[in-house]
Amino acid sequence: MAERALPSLAPVMLLLGCTPPIAGVGERGQHIFLRGESLSGGEVVAAVSANGVAVPASVLPCVGCHGRNGKGRPEGGVAPADITWSALTRPYAITTPSGRKRPAYTEELLRRAITEGVDPAGNVLLDAMPRYRMSSEDLADLVAFITQPPATPGVTSARVVVGLVGGGGDTEDVLRAYFAEVNAGGGIYRRHLELVVLHTAKGAVTESAQLEHGFRSQPPFALLVDTACAGSMDWPADLVVVRFADVHGASPGALNHPAAAAARALVQGLRRAGRDLTSESLAHALTSLGRRVNASGD
């Protein structure tokens, strides 16, 4: 049976991290970090080496080398620096992967590194580190994001919020029973799983209002999605989505229920991802377990 065409879910996409009409400093800086683009529409360009040809920064965004968590990953013989603020501001001299020694960064020194390619000791950064040019307002937003990154949506010290989109009948009961079992055993590194039902009707999602309200009131960290309800929906790439094909007639708590199988895979991924949860670490963990997810990872 063919699925009905899905309507635009633009309001939900905005709430999940796509371009909002009015964004705060953190959102504006994050957009530059992830996409190399300014929400204000201003020009952001990057040049590899001081005399390099400038290209749109969207070709060389910060996330490409440093990753979503800012810690970087070696690739092609280049070891990007850990640019988390705690690493940049350690109160003692640091020896970088390239062998350079430098003191701690300040916000002003970070601006200089981004635009001029010079570290706090005056060392010229490797050519692989682009020199960025943007407005002073956009630079301030980017620095603010690096120094004070926003908390991961749906994750606190006490809970991990998982959204349910679709399913019907006993699907919610199956998931709540399984989450209760996991929580009774200590949860995920002492965090309890909390299920938030964002859409319950069988069949394709026909309205965005229910989803929009759910995402606004309690943003999830990850989604369990019934393919019959929203299988063809394009979710934001940095939201981890685990899909399942719902069935009728499975009793609550049944081990063979598709939703329960998807939830078990999600829990395995959460445990493997470790205490410092990010969508990136969860996507990598699920992929390593052989589970296909809708996530961009790095």
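Tabulated data
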| item | result |
| --- | --- |
| Length released on extending from Asp173 to Tyr92, taking residue separation times 0.36 nm less the Cα-Cα span | 23.8 nm |
| Simple label model, 7 Å out from Cα along Cβ direction - Ala54 to Ala128, nm | 2.5 nm |
| Order of Tyr92, Tyr189, Tyr178 under a 10 Å beta carbon neighbour criterion, fewest first | Tyr92, Tyr189, Tyr178 |
| Using a Förster distance of 25 Å, the FRET efficiency for Ala158-Glu27 (Cβ separation, nearest 0.05) | 0.50 |
| J(HN,Hα) series, region 29-46, from Karplus relation 6.51 cos²θ - 1.76 cosθ + 1.60, nearest Hz, glycine and proline x | x, 4, 4, 5, 4, 7, 10, x, 10, 9, 5, 7, x, x, 6, 10, 10, 9 |
| Inter-label distance, nm, simple model (7 Å from Cα along the C-beta direction), Ala104/Asp276 | 1.9 nm |
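Since every read-out is calculated from the coordinates, none of them should be taken as a lab result. None of the values given here were measured: they were computed from a predicted structure. Neighbour counts run over all protein chains shown; Cβ positions are idealised from the backbone, glycine included.
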